[in-house]
Amino acid sequence: MKRVVITGAGTVNALGMNAPDTMSAMRDGICGIGPLEFRDVERLTIQIGGQVKGFDAHHAFSRHQVSLYDRFTQFALVAAAEAIAQSGLDFTEELSHRSGVILGTAGGGISTSDDNYRTVYEEGKNRVHPFVVPKLMNSAAASHISMEYNLKGPSFTVSTACASSNHAIAQAFEMVRSGMAPVMIAGGSESMLCFGGVKAWEGLRVLSRDACRPFSANRNGMVQGEGAGIFVFEEYERARARGADILCEISGYAMTSDAADIVMPSKEGAARAMAGALTDARINADEVGYINAHGTGTMANDKTECAAVMDVFGEHARRLMISSTKSMHGHLIGGTGAVELLACIMALRDGVIAPTIGYQEPDPDCALDVVPNQARKAKVTVALSNAFAFGGMNAVIVLRTPQA
Amino acid sequence: MSTRDQVIAILADQAFLDPSDVSIDSTLEQLGIDSMGVVESIFVIEEAFNISVPFNANQPGAADFDITSVASIIAGVERLRAEQA
């Protein structure tokens, strides 16, 4: 089996237009959640979100490209450009034939659907733009990245609701580890902050009207976000030989299914995912210094997740740090695990643990060190990234500082 | 149909019971209505009475709409109908 490292990272999200700015905002405990701005927002009960503001598609892309790219594709392309530039890779010849891109998304081009449903249903028009299908398809972002960077190997999109990015990352990792691909681009993208995208979530009655406060006793729900996180996964010896800057190593993962409920989380399914990931990575539970929690800020997720952590880590659960950066960038749904991977990289590479902001009251059901409100300096060698989706599809990634 | 009978009919439908088997003192849990069923019941009530029910699944007890029992839901609907008329 090959070792796998990350040699490039890129993002667009409510905290920043690139990875350094995002990590800086996480370090400073900045809240990227604010009033939503889009058509018909006044008809929503929930009017806050982690919206990407000041993103100028016309600056990043040509007029033709803008007409062809849904916002989730735009985010993915900008994040991929950053990640691939950082890696220094040029996909030519053999490398291009064996490298691909795997992305996670839950909604795909949902704002394209929203806009065009409005056109035909509300405005009563009988004609839509010819690019509706290539814009809205869930695989559009992965396709455009493959085209932009000449990636001719295995490429596809996975959709497992809130765990989409982690499933995508796990799959890309497995391809590099097995030797199937020398390099894979992976991550996720989501742009669900449009009228229909928020209205649908509103119906479920799990969104907060004021803030995302994971693990806090007075938490009252999740807050949606948007954006993308894209990474370059590369075989270790290859990265070392070309002198690449290694951000961290990925050492294992596990995927489990609760097989139980379409919305309620399961402690057992989450625990099996964390324990399975540690086994896969051949890492002892007491080596884990930081967990980037799924931490949605709902009553059900946070207490279930903490109970699962207690089950897996025992006494060590009280010594490790666990934080939810969703408090800052919101819940990016299918893109969330990718943006949250940046908090893991920051912990491992920079020794800075991102905080859980908005934390106000201790909850006895979440009695762990949730790094409340302020970032912390700490030396961490192993970090976990948790994602536990609606429908009980779980994926946990294990990352570590690169070993010699 | 009275508000009371309509609410009972809606909850009975959710619980797969005959309305005559729904006691006014029952809790939703006793009727076998789970958290998803609660959210769906509230949606059906909103549609039936054309009202907006303040309910957050994360704080089922905190909202000023009491879902403790069939009786408390009826009282809540009657109040909201008066307020939002």
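The values are calculated or read from the model by the stated rules, or taken from the named source; none is laboratory data. Predicted model only: the values in this text are computed from it and were never measured. As a convention, Cβ positions derive from the backbone with ideal geometry for all residues, glycine included, and neighbour counts pool all protein chains shown. To get the accessible areas, we keep the full protein, side chains included, count just its heavy atoms, and leave off ligands, DNA and RNA. Shrake-Rupley method; radii C 1.70, N 1.55, O 1.52, S 1.80 Å.
Scanning the stretch A:236-249 for residues that are surrounded by fewer than 16 Cβ atoms within 10 Å (Cβ to Cβ) and touching a strand residue (DSSP E or B) at 6+ places or on another chain (Cβ under 7 Å) yields a single hit, A:ASP245. Sort out which residues of the stretch A:390-404 are under 17 Å from A:ARG240 (Cβ atoms) and assigned to a loop (DSSP other than H, G, I, E, B), and write them in order of number. Within the stretch A:390-404, A:THR401, A:PRO402, A:GLN403, A:ALA404 meet the criteria. Could you say whether any residue in the stretch A:75-88 is part of a loop (DSSP other than H, G, I, E, B), at negative phi and not small (Gly, Ala, Ser)? Checking the stretch A:75-88: not a single residue is part of a loop (DSSP other than H, G, I, E, B), at negative phi and not small (Gly, Ala, Ser).
Among the residues making up the stretch A:250-271, a single one is of a type in the set (D, E, K, R) and buried (at least 20 other Cβ atoms within 10 Å of the Cβ): A:ASP258. Taking the stretch A:152-258 and the helices (runs of 4 or more DSSP H) fully enclosed by it, the elements with 3 or more residues that are more than 22 Å from A:HIS294 (Cα to Cα) and away from every other protein chain (no Cβ under 14 Å) are at A:164-177, A:236-241. Scanning the stretch B:58-85 for residues that are free of Cβ contacts under 8 Å to residues at least 40 places away in the same chain and either within 13 Å of B:LEU11 (Cα to Cα) or open to solvent by less than 40 Å² (accessible area, probe 1.4 Å) (or both) turns up B:ASN58, B:ALA63, B:PHE65, B:ILE67, B:SER72, B:GLY76, B:LEU80. Restricting A:GLN171, A:GLN74 to residues that are open to solvent by 50 Å² or more (accessible area, probe 1.4 Å) and either in contact with a Pro (Cβ under 9 Å, 6 or more places away or on another chain) or not aromatic (Phe, Trp, Tyr) (or both) narrows the list to A:GLN171.
When the criteria are applied in full, A:VAL128 meets the requirement of being on the phi < 0 side of the Ramachandran plot, outside any helix (DSSP H, G or I) and open to solvent by 60 Å² or more (accessible area, probe 1.4 Å). Among the residues making up the stretch B:20-38, those that are open to solvent by 20 Å² or more (accessible area, probe 1.4 Å) and within 14 Å of chain A (Cβ to nearest Cβ) are B:ASP34, B:SER35, B:MET36. With respect to the conditions (1) part of a helix (DSSP H, G or I); (2) at pLDDT below 95, A:GLU340 lacks only one, and its number is (2).
Only residues that are charged (D, E, K, R) and within 22 Å of the chain's Cα centre (by Cα) were counted in the stretch A:200-223, giving 3.
Contact map, the stretch A:157-184: residues that are on the phi > 0 side of the Ramachandran plot paired with residues that are aliphatic (A, V, I, L, M), Cβ distance under 9 Å, separation 6+ or inter-chain. Pairs shown: A:ALA161/A:ALA106; A:ALA161/A:ILE333; A:ALA161/A:ALA389; A:ALA161/A:MET393; A:GLY179/A:MET1. In the stretch B:54-79, of all residues being of a type in the set (A, V, I, L, M, F, W, C) and part of a loop (DSSP other than H, G, I, E, B), the one that is farthest from A:LYS303 (Cα to Cα) corresponds to B:PHE65. Condition check for B:ILE51 on (1) assigned to a helix (DSSP H, G or I); (2) within 14 Å of chain A (Cβ to nearest Cβ); (3) over 27 Å from A:PRO214 (Cα atoms): one failure, at (1).
The set of residues from the stretch A:152-209 being of a type outside the set (Asp, Glu) and out of contact with any strand residue (DSSP E or B) (no Cβ under 9 Å at 6 or more places or on another chain) comprises A:SER178, A:MET180, A:CYS194, A:PHE195, A:GLY196, A:LYS199, A:ALA200, A:GLY203, A:LEU204, A:ARG205. Looking across A:THR279, A:THR304, A:THR296, one residue alone is within 14 Å of another protein chain (Cβ to nearest Cβ), in contact with a strand residue (DSSP E or B) (Cβ under 9 Å, 6 or more places away or on another chain) and open to solvent by 20 Å² or more (accessible area, probe 1.4 Å). It is A:THR304.
State yes or no: is A:SER111 in the same structural domain as A:GLY197 (by TED's automatic domain parsing) and touching a residue at least 24 places away in the same chain (Cβ under 8 Å)? Considered against the rule, which asks whether it is in the same structural domain as A:GLY197 (by TED's automatic domain parsing) and touching a residue at least 24 places away in the same chain (Cβ under 8 Å), A:SER111 comes out as yes.
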